[in-house]
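Report on the structure given below.
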Amino acid sequence: MNLFQIISEIEKVDPEIMDRLTHRRSALSALGDITRKMALAAAPIAIGSAFNKAVGQQTLANANDILNYALLLEYLEEDFYAQALAAPTLAANLTTGSAARGAIQTIKNHETAHVNLLKAALGTSANPRPASFNFGTAFSNYPTFLTFAQAFEDTGVRAYKGQATNIPRTLNPTVGGNVVNLLTVALQIHSVEARHASHIRYMRRATAAGGIQQFGWITNAEGNGAPAPVYAAGNPAATFPAEGNLSQGGLTLTSVGGNTYTAAEVSEAFDEGLDNTTVVNIARSVVTF
Amino acid sequence: MHDNSFLARTLHRRSFFRVAGAGAAASALVLAGCAKDDTPNPGTFTQQLVIATKDSLDNNILNYAYLLEQLEAAFYDKVVATPPADLLPGELAYLTDLRDHELIHREYLKYALGTNVYDNSFVTPLTFDFSSLTLTTRAGVWAAAQLLENIGVAAYNGAGKHLTAPFLKLLGKIASVEARHATLVQELVQPGSWATGIGTTGLDAAKTPLEVVALIQPFIPVPISTDFLPTT
């Protein structure tokens with residue numbers, strides 16, 4: 001079967017292809033079983049579809065695709081915080097009545113509200129919640145949990161920002177009985193994710209046993225323990241530069257208006273967007289769903 | 001907010017403009033004859049700050065953003081130059097970072113607007129009026145910062161839909177940084193209050209340019225013209 005020859009060829013170029021795409025492995029195996037029984041004429045379509053999902057840039061063709069992509073991220077975040085609040089390994093840090101538990105509960109509530117809002121906007125087009133999210137070692141201890149949280153929130157900010165220009169500016173659906181501008185709602189979620197990210201960063205800074213020396217904003221492309229791709233360039237890099245980007249609209253901002261600024265300051269002053277394929281790859285790299 | 005009498009006065013100013021032939025100063029700080037009691041009185045003049053023109057909605061929104069960044073930068077500049085005595089350890093570093101971010105935002109928007117920047121022909125830059133704020137105490141400074149940062153977030157959330165893609169992309173990069181600022185500042189004002197204002201909807205505020213203009217008017221020594229600013 002040529003399909004497996006193709007995969008073999010890809011693996012020569014990209015040895016990690018199957019590791020990065022573990023979740024696709026069963027799908028590809030199933031595809032193999034099916035294609036053995038299928039007419040050859042139909043096979044290229046099925047194969048093309050599988051590869052489009054597996055290794056190509058995923059295309060969000062319309063507003064519903066964008067909303068379902070956002071919904072997946074919100075499902076993930078909501079489940080992440082729900083699991084954290086229930087994790088025995090975090091109970092000593094997220095004690096009832098503590099500021100930390102209050103903050104995590106608040107963030108979880110916001111993510112639940114986002115899920116509900118997006119589901120209402122999508123109606124019958126809403127994708128179902130994945131059966132489960134496995135966050136691996138994320139809840140093994142409090143600092144690790146906060147590091148994961150920072151990664152998800154900073155990624156969330158980049159994800160919404162990356163889609164802002166793809167949402168039609170004139171789409172005004174009725175959601176929950178109210179006429180809303182879809183782009184405005186997306187921006188309102190976007191800034192809430194940024195608030196979450198800022199506060200999680202502050203919590204990491206304030207951790208009793210030697211906090212991370214970082215602020216609520218992203219300095220250069222430093223993750224301070226969060227996966228590097230969260231702060232790296234997306235695809236294409238010219239459209240989605242890394243968080244350490246110093247140039248906006250062709251102007252390098254370390255020298256502007258008669259003043260000079262450090263690379264740290266300039267990178268902090270602007271957040272950068274990410275494409276959906278890179279975002280989903282980041283999620284898949286730390287979460288099984 | 002603007003009642004009918006205000007709108008009537010605005011119209012009056014504009015008609016005076018045409019008569020006076022001063023309409024060419026469309027994107028500058030201009031003089032407009034208008035008596036306080038709406039009675040023409042050549043002896044009394046008030047100034048108006050004009051940031052928007054009929055020509056380009058993108059430029060109008062970018063100028064609006066530029067004014068907001070000017071305001072924030074001027075605020076932090078003043079505070080960092082004369083910090084309150086009771087700042088806690090580390091807080092001056094926060095304020096300095098915040099100032100630098102706003103300065104970079106301001107200078108970038110000025111660059112992006114080029115000759116379309118509203119104060120292009122100003123002899124001296126607009127001077128902001130912070131007399132309504134208490135900047136001699138830590139509490140006063142952080143409360144003021146909270147006000148300004150949250151205005152910025154709500155302004156950008158509300159204005160995004162008026163921008164074409166390249167400028168929406170740009171403002172999105174700044175908006176989330178303002179939200180990061182606002183969150184820190186709220187926590188410094190009152191520990192545990194970082195999320196106050198988001199509410200059960202999980203959504204941040206979004207305000208129209210006219211709502212925002214009303215909120216920042218106390219810091220600007222002349223009335224801001226709302227002509228050509230979007231009403232939604």
Any hit, segment B:23-34, residues being at pLDDT 95 or above, within 20 Å of the chain's Cα centre (by Cα) and open to solvent by less than 40 Å² (accessible area, probe 1.4 Å): no
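Matching residues to (1) in a helix (DSSP H, G or I); (2) open to solvent by less than 40 Å² (accessible area, probe 1.4 Å); (3) out of contact with any Asp or Glu (no Cβ under 9 Å at 6 or more places or on another chain):
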site: B:Leu87; (1), (2), (3): no, yes, yes
site: B:Asp97; (1), (2), (3): yes, yes, no
site: B:Glu102; (1), (2), (3): yes, yes, no
site: B:His105; (1), (2), (3): yes, yes, no
site: B:Thr115; (1), (2), (3): yes, no, yes
site: B:Phe122; (1), (2), (3): no, yes, yes
site: B:Leu126; (1), (2), (3): no, yes, no
site: B:Ser131; (1), (2), (3): no, no, yes
site: B:Thr134; (1), (2), (3): no, no, yes
Any hit, segment A:221-242, residues being surrounded by 24 or more Cβ atoms within 10 Å (Cβ to Cβ), under 18 Å from the mean Cα position of the chain (by Cα) and either of a type in the set (D, E, K, R) or at the interface with chain B (Cβ under 9 Å from one of its Cβ atoms) (or both): no
Given (1) open to solvent by 10 Å² or more (accessible area, probe 1.4 Å); (2) on the phi < 0 side of the Ramachandran plot, number of the condition B:Gly197 does not satisfy: (2)
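Just one of B:Leu163, B:Leu92 is at the interface with chain A (Cβ under 9 Å from one of its Cβ atoms) and out of contact with any Cys (no Cβ under 7 Å at 6 or more places or on another chain); which is it? Break it down into steps so the answer makes sense when it comes.
On the way: B:Leu92 fails: at the interface with chain A (Cβ under 9 Å from one of its Cβ atoms).
None of the other options fit; the residue is B:Leu163.
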Helices (runs of 4 or more DSSP H) contained in segment A:8-108 and holding at least 2 residues at pLDDT 50 or above: A:63-86
Residues that are touching a helix residue (DSSP H, G or I) at 6+ places or on another chain (Cβ under 9 Å) and in a loop (DSSP other than H, G, I, E, B), drawn from segment A:223-241: A:Gly223, A:Asn224, A:Gly225, A:Ala226, A:Pro227, A:Tyr231, A:Ala232, A:Ala233, A:Gly234, A:Asn235, A:Thr239, A:Phe240
Selected residue (criterion: nearest to A:His114 (Cα to Cα)) from residues of segment A:171-220 that are assigned to a strand (DSSP E or B) and within 11 Å of another protein chain (Cβ to nearest Cβ): A:Val175
Selected residue (criterion: nearest to the other protein chains (Cβ to nearest Cβ)) from residues of segment B:115-160 that are under 26 Å from B:Ala205 (Cβ atoms) and among the aromatic types (Phe, Trp, Tyr): B:Tyr156
Selection from segment A:90-139 of residues that are buried (at least 16 other Cβ atoms within 10 Å of the Cβ), more than 14 Å from every other protein chain (Cβ to nearest Cβ) and under 19 Å from A:Arg204 (Cβ atoms): A:Leu90, A:Asn93, A:Leu94, A:Phe135, A:Ala138, A:Phe139
Residue tally, condition under 25 Å from the mean Cα position of the chain (by Cα) and in a helix (DSSP H, G or I), over segment A:247-286: 17
Within segment B:183-209, tally of residues that are more than 7 Å from chain A (Cβ to nearest Cβ) and part of a helix (DSSP H, G or I): 5
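The values are calculated or read from the model by the stated rules, or taken from the named source; none is laboratory data. A quick note: this is a predicted structure, and the numbers were derived from the prediction, not measured. All Cβ positions, glycine included, derive from the backbone under ideal geometry; neighbour counts span all protein chains shown. Keep in mind that these areas ignore ligands, DNA and RNA; they rest on the heavy atoms of the full protein, side chains included. Shrake-Rupley method; radii C 1.70, N 1.55, O 1.52, S 1.80 Å.
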